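Notes to accompany the following structure.
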């Protein structure tokens with residue numbers, strides 16, 4: 001009597017494959033068409049193999065060969081464990097996608113190389129993946145060591161949670177949730193008011209004390225310059241905001257503070273879509289929605305690899321994104337000019353001059369205004385601002401005048417947001433600008449005259465009260481992150 005294992009019927013393999021396809025269809029995320037397409041392709045490849053004429057002979061024999069001895073069964077057991085690990089680190093759908101492609105590849109190879117060769121390839125592949133998983137686990141432990149974290153940082157989720165505990169209570173105590181010590185819309189009689197509007201550079205990313213952010217430092221600098229005439233600087237910024245976000249916040253809440261002057265800080269990645277746009281995360285290069293909430297997002301080792309990629313190979317992609325985002329007629333450039341136009345129009349209708357703060361991108365090295373890497377983009381934004389009747393102040397000169405390595409202003413060894421010293425450089429430069437424009441002398445907010453020309457040779461546009469709209473371009477936003485990188489993780 002033949003004691004050899006009886007080959008599993010081909011019908012069972014086909015039924016299992018059909019069931020896998022139905023399960024994938026039930027749990028697949030509809031918002032990821034590319035991932036869905038790749039999944040469908042893998043399933044069709046496997047289905048085509050199962051429909052081959054020789055399938056009844058080749059495939060059952062391959063299954064029997066894979067499970068014929070202890071080594072083969074151990075290989076399949078390790079493969080199942082690795083698949084379970086994929087599900088644990090991501091989710092069930094990703095795990096099924098991996099299963100689909102691995103099974104499809106095995107079905108195809110069974111026809112090409114035969115059962116014996118397929119068994120050897122499977123054992124080697126499983127052994128290699130298991131070794132990679134083991135090494136990655138060890139590295140994950142290493143990158144979580146405190147002294148390593150201090151130099152390389154944490155994934156955005158863990159980083160945000162950690163820093164939320166370090167910030168002072170200004171945001172939580174502010175009735176609007178702004179990072180400002182001023183929260184009443186009612187004006188103090190005789191005290192001029194400035195409204196600061198921007199993103200993480202103005203909010204104060206990784207600046208523990210609100211008093212060390214440039215809006216608070218600006219208030220102190222103005223008080224030092226004019227002790228007899230204090231100024232209120234209200235900060236209504238939010239990390240991650242683009243020019244469009246700032247324009248919307250200004251219209252909805254900002255003007256209710258009745259400012260005498262508006263400071264709008266601008267970054268190079270302000271051409272990104274607003275936070276509410278479904279393309280926002282995609283523009284930042286973040287993982288697809290199918291991986292949202294997965295443990296991979298908390299991996300310190302993968303975060304390190306991502307940062308190193310954007311710091312090296314990915315730099316060309318980041319540069320291309322910046323250049324494309326500011327091309328005439330591009331969606332990014334339309335968002336920038338559209339946001340500036342909205343703010344300029346609303347400011348002119350109220351007779352309020354606008355001052356926007358262009359922080360320089362703190363790229364490693366010593367830069368001058370002429371050698372600054374993003375000079376062309378700054379100049380283009382400045383021309384667009386002047387076309388709206390705005391004044392432009394580029395803060396690269398203030399940082400260049402310090403004569404220091406620009407990375408010395410990084411808030412951490414891995415985050416290019418300005419530290420307290422970098423915030424102070426900006427605050428002093430803006431205070432000197434305002435002082436030169438007559439701030440603090442009588443009613444300075446509406447005294448400066450507009451010297452900016454309008455677009456296309458038309459007459460210069462000024463406010464209803466003859467006040468200019470001033471724009472401080474605050475440099476390039478962090479690219480690549482490791483956050484913010486510029487990364488996306490650093491807005």
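Would you mind stating whether residue 440 is more than 22 Å from the chain's Cα centre (by Cα), assigned to a loop (DSSP other than H, G, I, E, B), farther than 24 Å from residue 271 by Cα and in contact (Cβ under 8 Å) with a residue 60 or more places away in the chain?
Yes; evaluated as a whole, the condition is true for this residue.
What do you reckon, is residue 404 more than 25 Å from residue 216 (Cα to Cα) and surrounded by fewer than 21 Cβ atoms within 10 Å (Cβ to Cβ)?
no
Counting only residues that are closer than 17 Å to residue 378 by Cβ and part of a loop (DSSP other than H, G, I, E, B), which one in region 298-329 is nearest to the chain's Cα centre (by Cα)?
326
Got a number for residues in region 37-50 being over 14 Å from residue 98 (Cα atoms) and in contact (Cβ under 8 Å) with a residue 12 or more places away in the chain?
Adding up the residues that qualify gives 3.
Give the residues of region 388-416 that are within 24 Å of residue 324 (Cβ to Cβ) and touching a strand residue (DSSP E or B) at 6+ places or on another chain (Cβ under 6 Å), sorted by residue number.
Narrowing region 388-416 to residues within 24 Å of residue 324 (Cβ to Cβ): 388, 392, 394, 396, 416.
Once the filter is applied, which keeps residues that are within 24 Å of residue 324 (Cβ to Cβ) and touching a strand residue (DSSP E or B) at 6+ places or on another chain (Cβ under 6 Å), region 388-416 yields 392, 394, 416.
Residues are listed down the side, and each one gets a yes or a no for (1) at pLDDT 80 or above; (2) surrounded by fewer than 19 Cβ atoms within 10 Å (Cβ to Cβ); (3) within 28 Å of residue 29 (Cα to Cα):
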site	(1), (2), (3)
297	no, yes, yes
303	yes, no, yes
309	no, yes, yes
315	no, yes, no
323	yes, yes, no
327	yes, yes, no
336	yes, no, no
351	yes, yes, no
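I'd like to check something: does region 86-96 contain any residue that is over 28 Å from residue 294 (Cβ atoms) and free of Cβ contacts under 8 Å to residues at least 24 places away in the same chain?
no
Criterion first (farther than 21 Å from residue 357 by Cβ and modelled with pLDDT of 90 or more) does residue 234 satisfy it? Give the steps one after another, and end with the answer.
Working: farther than 21 Å from residue 357 by Cβ: no; modelled with pLDDT of 90 or more: yes.
Considered against the rule, which asks whether it is farther than 21 Å from residue 357 by Cβ and modelled with pLDDT of 90 or more, residue 234 comes out as no.
The conditions are (1) part of a loop (DSSP other than H, G, I, E, B); (2) at pLDDT 90 or above; (3) within 23 Å of residue 252 (Cβ to Cβ), and residue 181 fails exactly one of them. Which is it?
(2)
Which of the following residues is over 28 Å from the mean Cα position of the chain (by Cα) and either modelled with pLDDT under 95 or farther than 29 Å from residue 351 by Cα (or both): 144, 169, 187, 154?
That would be 187, the only listed residue that is over 28 Å from the mean Cα position of the chain (by Cα) and either modelled with pLDDT under 95 or farther than 29 Å from residue 351 by Cα (or both).
Over 30 Å from residue 132 (Cα atoms), buried (at least 21 other Cβ atoms within 10 Å of the Cβ), at pLDDT 70 or above and assigned by TED's automatic domain parsing to the domain that holds residue 355 - does that describe any residue in region 272-290?
There is at least one residue in region 272-290 that is over 30 Å from residue 132 (Cα atoms), buried (at least 21 other Cβ atoms within 10 Å of the Cβ), at pLDDT 70 or above and assigned by TED's automatic domain parsing to the domain that holds residue 355.
Select, from 347, 360, the only residue that is in a helix (DSSP H, G or I) and closer than 30 Å to residue 195 by Cα.
None of the other options fit; the residue is 347.
Can you find a residue that is part of a loop (DSSP other than H, G, I, E, B) and either at pLDDT below 85 or not assigned by TED's automatic domain parsing to the domain that holds residue 92 (or both) anywhere in region 54-67?
Yes, region 54-67 contains a residue that is part of a loop (DSSP other than H, G, I, E, B) and either at pLDDT below 85 or not assigned by TED's automatic domain parsing to the domain that holds residue 92 (or both).
Right, residue 196: at pLDDT 90 or above and surrounded by 12 or more Cβ atoms within 10 Å (Cβ to Cβ) or not?
Here the answer is yes, as residue 196 does meet what is asked.
Could you tell me which residue of region 202-249 is surrounded by the fewest Cβ atoms within 10 Å (Cβ to Cβ), considering only residues that are part of a helix (DSSP H, G or I) and in contact with a strand residue (DSSP E or B) (Cβ under 6 Å, 6 or more places away or on another chain)? Walk me through how you get there before you give the answer.
Just the residues of region 202-249 that are part of a helix (DSSP H, G or I), to begin with: 202-203, 210-212, 214-225, 243-249.
Filter once more, so that each one left must be in contact with a strand residue (DSSP E or B) (Cβ under 6 Å, 6 or more places away or on another chain): 202, 215, 218-219, 246.
On the way: 202: 29, 215: 31, 218: 26, 219: 23, 246: 28.
Across region 202-249, the extreme among qualifying residues is 219.
Scan region 433-444 for residues that are at pLDDT 90 or above and either under 18 Å from residue 369 (Cα atoms) or surrounded by 14 or more Cβ atoms within 10 Å (Cβ to Cβ) (or both) and jot them down.
Within region 433-444, 433, 434, 435 meet the criteria.
The values are calculated or read from the model by the stated rules, or taken from the named source; none is laboratory data. Because the structure is a prediction, the values reported are computed rather than measured. For neighbour counting, all protein chains shown are included, and Cβ atoms are generated from backbone atoms with ideal geometry for every residue, glycine included.
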